[in-house]
Structure formats: structure tokens, C-alpha cells
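The values are calculated or read from the model by the stated rules, or taken from the named source; none is laboratory data. These figures come from a predicted structure and were not determined experimentally. Counting neighbours? That spans all protein chains shown, and the Cβs are built from the backbone with ideal geometry, glycine included. The area values use the complete protein model at the heavy-atom level, side chains included, leaving out ligands, DNA and RNA. Shrake-Rupley method; radii C 1.70, N 1.55, O 1.52, S 1.80 Å.
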Amino acid sequence: MKFNFTDKKIQFSNELREYAEKKVGKLERYFKTEAEAFITFSTERGRYTAEVTINDNGLFHRVTDTTNDMYASIDSAVAAIERKIRKNKTRLGKRLRAGSFDRENEPLSFHDDIDEEEHQEFKIVRTKMFPVKPMTPEEAVLQMNLLEHEFFVFKNQSRDDAFSIVYKRKQGDYGLIETT
């Protein structure tokens with residue numbers, strides 16, 4: 001498993017990084033290909049946050065946990081992401097067609113250097129670029145839930161790869177927006 005570490009507002013020791021690698025590395029058994037783990041450490045008001053995001057060839061798993069101890073935050077984040085992977089592994093096997101996430105994807109690119117003069121009225125502070133993959137609405141809802149996002153953009157296979165958006169409604173169910 002490949003590891004990428006980010007520290008926000010504080011510098012953490014190599015011992016903590018090694019501990020995180022050891023704990024997150026145990027999740028490698030759930031993935032067929034080499035996964036990539038993004039681990040972010042941050043602190044605010046005496047509380048320590050560990051965010052773990054795992055990219056398994058385009059399928060993302062993300063968990064954030066905050067406690068009074070960074071080691072405890074790592075432990076609980078790894079436990080939560082492991083529960084999430086096991087829970088969704090059955091769904092993935094039943095609902096998704098074989099090989100739906102086996103394609104190689106272009107890496108995500110982030111652009112933080114937006115020209116401020118162009119955007120006087122609306123300030124865009126971050127732009128994300130990602131490949132939009134063909135999938136069914138059910139697969140899109142699953143991916144959205146794995147990322148813990150409120151919406152997800154995809155190409156709808158059941159509508160000739162038309163761009164569509166699934167979103168989480170306030171009542172707890174899901175909505176689908178389709179283009180014509």
C-alpha cells in the first residue's frame with residue numbers, strides 16, 4: 001500500500017506516521033490491487049483529527065475521526081473504515097458487475113491557484129478534476145456513500161452515458177438528476 005501523509009496546523013513525529021502505516025497497512029488484505037492511502041493529521045482546540053482516505057483503483061473509502069489523543073483517532077478511524085469496507089464488500093459483490101472499478105483511472109488533480117481578478121463576484125477557492133465513469137445509479141449511490149458526500153456526478157449507463165447526478169435528500173432517501 002502506498003502512503004501519503006499531510007499535517008495540518010501541527011508537525012507530527014515519524015513514530016506517529018509509522019504507527020499509522022502499521023494500522024492502515026492491515027487493511028491491504030481487502031484490496032486486490034495496490035491501494036493508495038491518504039492520511040491527514042490535524043489538531044484544533046486540543047482535539048486531534050485523523051482522516052483516512054483509501055483509493056482502491058477509483059473506489060474511495062474515507063473516514064474522519066476526532067479524539068483527545070492522535071493514536072486513539074487513528075485506531076478508531078481504521079476500525080470505522082474497516083467496518084465500512086466489510087459492510088460494502090457484500091453490496092459490491094451483489095450489485096456491481098464484475099470489474100466495474102478495475103479500470104485504471106487518471107489521478108485526481110487539484111488546482112488551488114485560481115486568478116482572483118477573474119472571480120470578483122464569486123470566489124472559487126478550489127477546483128477538483130476527476131474522471132467521470134459510466135455506471136448505474138445504484139453504483140453511483142454506493143460510491144457517494146463510500147465518499148460520505150452529499151452528491152455524485154457520473155455517466156448513466158442506463159441512459160446512453162448521459163451525465164447524471166445522484167444526491168442525498170433531507171428525508172434520508174436519494175434523488176437522481178438526469179440530463180436530456
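Key figures
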{"read-out": "Given (1) at pLDDT 85 or above; (2) of a type in the set (A, V, I, L, M, F, W, C); (3) under 20 Å from VAL52 (Cα atoms), index of the condition PHE130 fails", "value": "(1)"}
{"read-out": "Qualifying residue in the range 76-87 (condition: assigned to a strand (DSSP E or B), modelled with pLDDT of 75 or more and crowded, with 17+ Cβ neighbours inside 10 Å)", "value": "no"}
{"read-out": "Test: THR66 is free of Cβ contacts under 8 Å to residues at least 24 places away in the same chain, outside any helix (DSSP H, G or I) and open to solvent by 50 Å² or more (accessible area, probe 1.4 Å)", "value": "yes"}
{"read-out": "Residue list for the range 27-44, restricted to those being loosely packed, with under 12 Cβ neighbours inside 10 Å and either more than 14 Å from THR66 (Cβ to Cβ) or basic (Lys, Arg) (or both)", "value": "ARG29, LYS32, THR33, GLU34"}
{"read-out": "Residues (closer than 18 Å to ASN68 by Cβ and open to solvent by 30 Å² or more (accessible area, probe 1.4 Å)) located in the range 13-22", "value": "SER13, TYR19"}
{"read-out": "Complete set of residues in the range 136-177 that are in contact (Cβ under 8 Å) with a residue 24 or more places away in the chain and part of a strand (DSSP E or B)", "value": "PHE163, SER164, VAL166, LYS168, TYR174, LEU176"}
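Residue by residue, here is whether (1) open to solvent by 80 Å² or more (accessible area, probe 1.4 Å); (2) at pLDDT 80 or above holds:
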site: GLY46; (1), (2): no, yes
site: THR49; (1), (2): no, yes
site: VAL52; (1), (2): no, yes
site: ASN57; (1), (2): no, no
site: MET70; (1), (2): no, yes
site: ILE74; (1), (2): no, yes
site: LYS89; (1), (2): yes, no
site: ARG103; (1), (2): yes, no
site: GLU106; (1), (2): yes, no
